[in-house]
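Asker: I am attaching a structure below and will ask some questions about it afterwards.
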Amino acid sequence: MTSQTINAAASGTWSLGDLTVNRIGFGAMRLPQTGEALVADAVPRDRAEAIGVLRRAVELGVNHIDTAAFYFSPLRSANELISRALAPYPEDLVIATKVGPSRDASGEWLPHATAGQLRGQVEENLRQLGRDHLDVVNLRVVGTGSIAERFGALAGLREAGLIRHLGISNVTPAHLAEAQAIAPVVCVQNMYGLGVRPEQDAFVRSCGEQGVAFVPFYAIAAGGREAGAGEGDHPEVMTVARAHGATPAQVRIAWTLHRGPHVLPIPGTGKPTHLESNVAAGALRLSEPELALLEALHRR
Ligand SMILES: NC(=O)c1ccc[n+]([C@@H]2O[C@H](COP(=O)([O-])OP(=O)(O)OC[C@H]3O[C@@H](n4cnc5c(N)ncnc54)[C@H](OP(=O)(O)O)[C@@H]3O)[C@@H](O)[C@H]2O)c1
């Protein structure tokens, strides 16, 4: 499908609290490096290339960008690139960040933040992005234990005006219920995609029923995770792609959009052509027989 002129608005809109975004967003994790993300010896991406991708994303109507202070390579930081490329920020741009994990200055992972350390992580994002408040902050969780203390700390920062809306990431339905008892939750950001964690289907639906956005990550990279997307795809995906003159990545994004109006994919890329194609996937409408074919693959 021709992609260059398709705007992110083609995917429809969803509201994160009082902030309305086009459903196709952008994940900034791929920008600081080429190749595998989140490794200490990552190869820094060309700065002009990364800035160009961010500016093109906004030109194409993307107004939901996901980032984190821990997205950096030896010479580039996703937050710094976002600030350099996009500040002064467009009025409608929603920047969502994540706290919880962190890496030391050489890129090695540190233990996840305690409740008392979260304020420092929020302030680090504020400094790097050049903002006085953050639009959306996700608490990124590991394990199934209680998040009440940490989410409560973020709720306090929201009350103090440092954060507009809260989300949670890498979580269970029990975490969502626990968080909602403390403060409103506008989004859940979990790994999910075609054939990726079908056991999340009920949680995806339940988020929609509660008016909570579900933001899937690795919708394209799938099992490739931090290393990125592989070559080729399943025959079912190829069949649907051929029928639309689309790419397998576009079919994967479109499939997530068909899971419900509250599903907001944030595909990441460092390539302008991939960005345009990912945004254009918002205009791809899959037929019932195509969805049934992909559903069988998803459940296999
Ligand atoms: N909450 C969490 O725990 C968590 C964890 C991981 C990620 N995230 C967020 O989720 C976002 C999405 O994950 P992701 O960046 O891995 O995105 P993704 O959409 O799953 O996949 C990105 C991979 O697919 C490739 N790709 C992108 N567009 C393509 C296209 N049109 N055709 C072929 N290949 C394509 C990219 O390589 P190229 O650069 O070559 O295009 C990269 O290898 C991240 O950027 C980050 O913001 C959150």
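Asker: Residue check, Val39 against (1) among the hydrophobic types (A, V, I, L, M, F, W, C); (2) within 12 Å of the ligand (Cβ to nearest atom); (3) part of a loop (DSSP other than H, G, I, E, B), all met but one. Which one?
Answerer: (2)
Asker: Would it be correct to say that Pro289 is in a loop (DSSP other than H, G, I, E, B) and out of contact with any Asp or Glu (no Cβ under 7 Å at 6 or more places or on another chain)?
Answerer: Taking the combined requirement at face value, the residue does not satisfy it.
Asker: Here's a follow-up. Does Ala113 satisfy the condition of being assigned to a loop (DSSP other than H, G, I, E, B), under 19 Å from Val186 (Cα atoms) and either at pLDDT 95 or above or in contact with a His (Cβ under 6 Å, 6 or more places away or on another chain) (or both)?
Answerer: Numbers: assigned to a loop (DSSP other than H, G, I, E, B): yes; under 19 Å from Val186 (Cα atoms): no; either at pLDDT 95 or above or in contact with a His (Cβ under 6 Å, 6 or more places away or on another chain) (or both): yes.
No.
Asker: Given the residues Asn79, Asn125, which is the only one that is away from the ligand (no atom under 13 Å from the Cβ) and surrounded by 17 or more Cβ atoms within 10 Å (Cβ to Cβ)?
Answerer: Values: Asn79 fails: away from the ligand (no atom under 13 Å from the Cβ).
Among Asn79, Asn125, only Asn125 is away from the ligand (no atom under 13 Å from the Cβ) and surrounded by 17 or more Cβ atoms within 10 Å (Cβ to Cβ).
Asker: Based on what the data block shows, is Ala219 touching a residue at least 24 places away in the same chain (Cβ under 8 Å), under 18 Å from Arg299 (Cβ atoms) and assigned to a loop (DSSP other than H, G, I, E, B)?
Answerer: Judged against the criteria, Ala219 is a match.
Asker: Something else now. Could you please give the count of residues in region 217-237 that are under 18 Å from Ser277 (Cα atoms) and modelled with pLDDT of 95 or more?
Answerer: Within region 217-237, residues that are under 18 Å from Ser277 (Cα atoms) and modelled with pLDDT of 95 or more number 2.
Asker: While we're looking at this one, here's another question. Condition first: more than 14 Å from the chain's Cα centre (by Cα), within 11 Å of the ligand (Cβ to nearest atom) and in contact (Cβ under 8 Å) with a residue 12 or more places away in the chain. Can you find one or more residues in region 17-33 that meet it? Break it down stepwise before answering.
Answerer: Of region 17-33, the ones more than 14 Å from the chain's Cα centre (by Cα) are 17-20, 32-33.
Within this subset, residues satisfying the condition of being within 11 Å of the ligand (Cβ to nearest atom) are 32-33.
Subsequent filtering for residues that are in contact (Cβ under 8 Å) with a residue 12 or more places away in the chain retains 32-33.
Scanning region 17-33, I find at least one residue that is more than 14 Å from the chain's Cα centre (by Cα), within 11 Å of the ligand (Cβ to nearest atom) and in contact (Cβ under 8 Å) with a residue 12 or more places away in the chain, so the answer is yes.
Asker: Counting just the residues of region 187-221 that are surrounded by fewer than 19 Cβ atoms within 10 Å (Cβ to Cβ) and within 13 Å of the ligand (Cβ to nearest atom), which one comes out farthest from the chain's Cα centre (by Cα)?
Answerer: Across region 187-221, the extreme among qualifying residues is Gly195.
Asker: Report, by residue number, each residue of region 233-282 that is within 14 Å of the ligand (Cβ to nearest atom), small (Gly, Ala, Ser) and either farther than 18 Å from Ala10 by Cα or not in a loop (DSSP other than H, G, I, E, B) (or both).
Answerer: Listed by number, the residues that qualify are Ala241, Ala249, Ala254, Gly268, Gly270, Ser277, Ala280, Ala281, Gly282.
The values are calculated or read from the model by the stated rules, or taken from the named source; none is laboratory data. All values reported here derive from a predicted model rather than from experimental measurement. Heads up, the Cβs are rebuilt from the backbone with ideal geometry, glycines too, and the neighbour counts pull from every protein chain shown.
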